[in-house]
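The values are calculated or read from the model by the stated rules, or taken from the named source; none is laboratory data. Being a predicted model, the structure only gives us computed values, none of them experimental. Neighbour counts run over all protein chains shown; Cβ positions are idealised from the backbone, glycine included. Calculation scope for accessible area: heavy atoms of the full protein, side chains included, ligands and nucleic acids excluded. Shrake-Rupley method; radii C 1.70, N 1.55, O 1.52, S 1.80 Å.
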4 protein chains.
Amino acid sequence: MAFEFPVRIYWEDTDAGGIVFYANYLKFFERARTEWLRSLGIGQQALRERTGGIFVVSETAIKYHRPARLDDQLVVTARLQEAGRASITLVQQALSKTERTPPGNALVHCEGTIRIGWVDAATLRPARMPSHILEVLK
Amino acid sequence: MAFEFPVRIYWEDTDAGGIVFYANYLKFFERARTEWLRSLGIGQQALRERTGGIFVVSETAIKYHRPARLDDQLVVTARLQEAGRASITLVQQALSKTERTPPGNALVHCEGTIRIGWVDAATLRPARMPSHILEVLK
Amino acid sequence: MAFEFPVRIYWEDTDAGGIVFYANYLKFFERARTEWLRSLGIGQQALRERTGGIFVVSETAIKYHRPARLDDQLVVTARLQEAGRASITLVQQALSKTERTPPGNALVHCEGTIRIGWVDAATLRPARMPSHILEVLK
Amino acid sequence: MAFEFPVRIYWEDTDAGGIVFYANYLKFFERARTEWLRSLGIGQQALRERTGGIFVVSETAIKYHRPARLDDQLVVTARLQEAGRASITLVQQALSKTERTPPGNALVHCEGTIRIGWVDAATLRPARMPSHILEVLK
């Protein structure tokens, strides 16, 4: 099951094409990942203070299917695909909540996979994820 | 040969990790594509008024290698990999200009491929790229 | 009474100083204004399609009191101060929901007044606000 | 004499109204301030490492006169109005470089004053600006 997070489209998200600027879906994906972590009891600011580490994105592969527009309501999902000591991979989607479809057939605005590494916050070098974090994620 | 465009890192580009937020490289890549088009005589605002069409990103595959930081100087490249009537694909890199390396060995912050479709600006549906644009691109 | 809208601070909102980048409070204020309008039955996309007009900010006066940080929870307010045929003025605050205070004594991150004009969406020239909109706002 | 810095309008800067989103002028103003400081030999990243202090905006008063659009070229200015041990005040303008006018009569997109305080980077509390910085600014 995927974690779900609602996102509303505001003026800040759109561009002169009248649609959501392509980089901004990465913001929505990041918000959903943050709330997914929070739902597991992981606050990133607190985590950094305790462990000295932060998550940093190392790879993305994104497909843009349908433009979203001002005032649209989206549901952004996050589902863990893989978790190791050095990095985790998530599958994420930005689904339309505005355009109604049959159950289980939501229209997809944008989707992709995001790989995230664990790094030392001071040096930004790859590090081994604390095992209690890895356990919670799994 | 790749088109090159300089980018300086400002406060707006960074996040609380002290590094460039991952979505912002897509802004830098877009700036470089816009300037590459402009260097070919293609202004997107004028193009839209004349042809009724705009470019819209349909797919990205990005790898993040080294974080960039406040005040860093980058060179962002754009090189056409493929061009068809419905879409074009570019290879883009964000290279370090701050950290010196032997010639031809620039450090790579971020790189990837970007596929861009041509759509009708009013309907946002895929359309056939005007042939004079396609010729200029090739 | 002021309209209230919750805002969570994400990585995208912060900068390398570890705090919310000053321009981003204007995004939060815009989100709260949009939701305030929506609470009055005014959707801006629909409004534009029906009337051909849009709201455009013409003046801001903002004070920044306390930096907000990653994971902070804010309440952003919007209160109409003045409404005329050409423009409206709102008072807005970004209050801390994270740091607890006695009732009625919320800590203020940022506050100010925002003047917004009504313009023709095609020409962007000042226009007279439709009277039914003005009535709803008052 | 005001310091001048060129800014080009890209897709990322615009919104669905077809114009530059109001918060983004604050980004342009920040870029121009950063380059003004750099022109005086002050790099903010280096400054922070040496002194432990950073500049943080404490107040803005901005008027928006004329919308800027995709592909527009702006000149953004920065002129020191006042400098004290705790804060400095600048006057900044975003002028049109695209629309030609008689010399000395540039069209103004946006202008205002920005007050910036000097704070300890760790505590974010107001601090006394190092005297050598204050001297350079004056």
For A:Ala2, which of the numbered conditions (1) more than 8 Å from chain B (Cβ to nearest Cβ); (2) of a type outside the set (S, T, N, Q); (3) under 29 Å from A:Ser131 (Cα atoms); (4) crowded, with 20+ Cβ neighbours inside 10 Å fails to hold?
-> (4)
Right, D:Phe21: without any contact (Cβ under 8 Å) to a residue 24 or more places away in the chain and surrounded by 22 or more Cβ atoms within 10 Å (Cβ to Cβ) or not?
-> yes
If the Cβ limit is 7 Å and pairs must be 6+ apart or interchain, which residue in the range C:118-131 that is on the phi > 0 side of the Ramachandran plot pairs with which residue that is open to solvent by less than 20 Å² (accessible area, probe 1.4 Å) and modelled with pLDDT of 95 or more?
-> C:Leu124/D:Ile19
Mind checking which residues of the range D:65-116 are within 14 Å of chain B (Cβ to nearest Cβ) and in contact with a Gly (Cβ under 9 Å, 6 or more places away or on another chain)?
-> D:Pro67, D:Arg69, D:Leu70, D:Asp71
C:Asn105 fails exactly one of (1) within 23 Å of C:Ala127 (Cα to Cα); (2) among the polar types (S, T, N, Q); (3) surrounded by fewer than 23 Cβ atoms within 10 Å (Cβ to Cβ), namely (1)
Has the range A:48-56 got at least one residue that is of a type in the set (Phe, Trp, Tyr) and more than 30 Å from A:Glu135 (Cβ to Cβ)?
-> no
Which of the residues belonging to the range A:12-34 are of a type in the set (D, E, K, R) and facing another protein chain (nearest Cβ under 8 Å)?
-> A:Glu12, A:Asp15, A:Lys27, A:Glu30, A:Arg31
Could you list, in sequence order, the residues of the range A:58-77 that are more than 30 Å from C:Gln44 (Cβ to Cβ) and surrounded by 23 or more Cβ atoms within 10 Å (Cβ to Cβ)?
-> A:Thr60
Quick one: in the range B:35-53, of everything that is under 14 Å from the mean Cα position of the chain (by Cα) and more than 10 Å from every other protein chain (Cβ to nearest Cβ), which residue is nearest to A:Thr123 (Cα to Cα)?
-> B:Trp36
Considering each of C:Ala122, C:Ala78 in turn, give the residue that is small (Gly, Ala, Ser) and touching a helix residue (DSSP H, G or I) at 6+ places or on another chain (Cβ under 7 Å).
-> C:Ala78
Spot the failing condition for A:Ala94; the list is (1) more than 30 Å from C:Glu49 (Cβ to Cβ); (2) buried (at least 18 other Cβ atoms within 10 Å of the Cβ), and only one is missed.
-> (1)
What residue, of C:Thr34, C:Thr14, is out of contact with any strand residue (DSSP E or B) (no Cβ under 7 Å at 6 or more places or on another chain) and among the β-branched types (Val, Ile, Thr)?
-> C:Thr34
Might you let me know whether the range B:35-54 holds any residue that is surrounded by fewer than 23 Cβ atoms within 10 Å (Cβ to Cβ), at pLDDT 95 or above and under 19 Å from A:Ile62 (Cα atoms)?
-> no
Residues of the range C:117-128 being out of contact with any Gly (no Cβ under 7 Å at 6 or more places or on another chain) and either closer than 25 Å to C:Asp71 by Cα or surrounded by 14 or more Cβ atoms within 10 Å (Cβ to Cβ) (or both), which ones?
-> C:Gly117, C:Leu124
Considering the range C:78-91 alone, what residues qualify as being modelled with pLDDT under 95, open to solvent by less than 60 Å² (accessible area, probe 1.4 Å) and not small (Gly, Ala, Ser)?
-> none
Sole residue being touching a residue at least 12 places away in the same chain (Cβ under 8 Å) and of a type outside the set (A, V, I, L, M, F, W, C), chosen from C:Glu111, C:Glu99 | C:Glu111
For C:Leu40, which of the numbered conditions (1) under 26 Å from B:Val20 (Cβ atoms); (2) out of contact with any Phe, Trp or Tyr (no Cβ under 7 Å at 6 or more places or on another chain); (3) touching a residue at least 12 places away in the same chain (Cβ under 8 Å) fails to hold?
-> (1)
Which ones in the range C:93-124 are of a type in the set (Phe, Trp, Tyr) and touching a Cys at 6+ places or on another chain (Cβ under 6 Å)?
-> none
Among the residues of the range B:102-133, count how many are assigned to a loop (DSSP other than H, G, I, E, B) and of a type outside the set (Lys, Arg).
-> 13
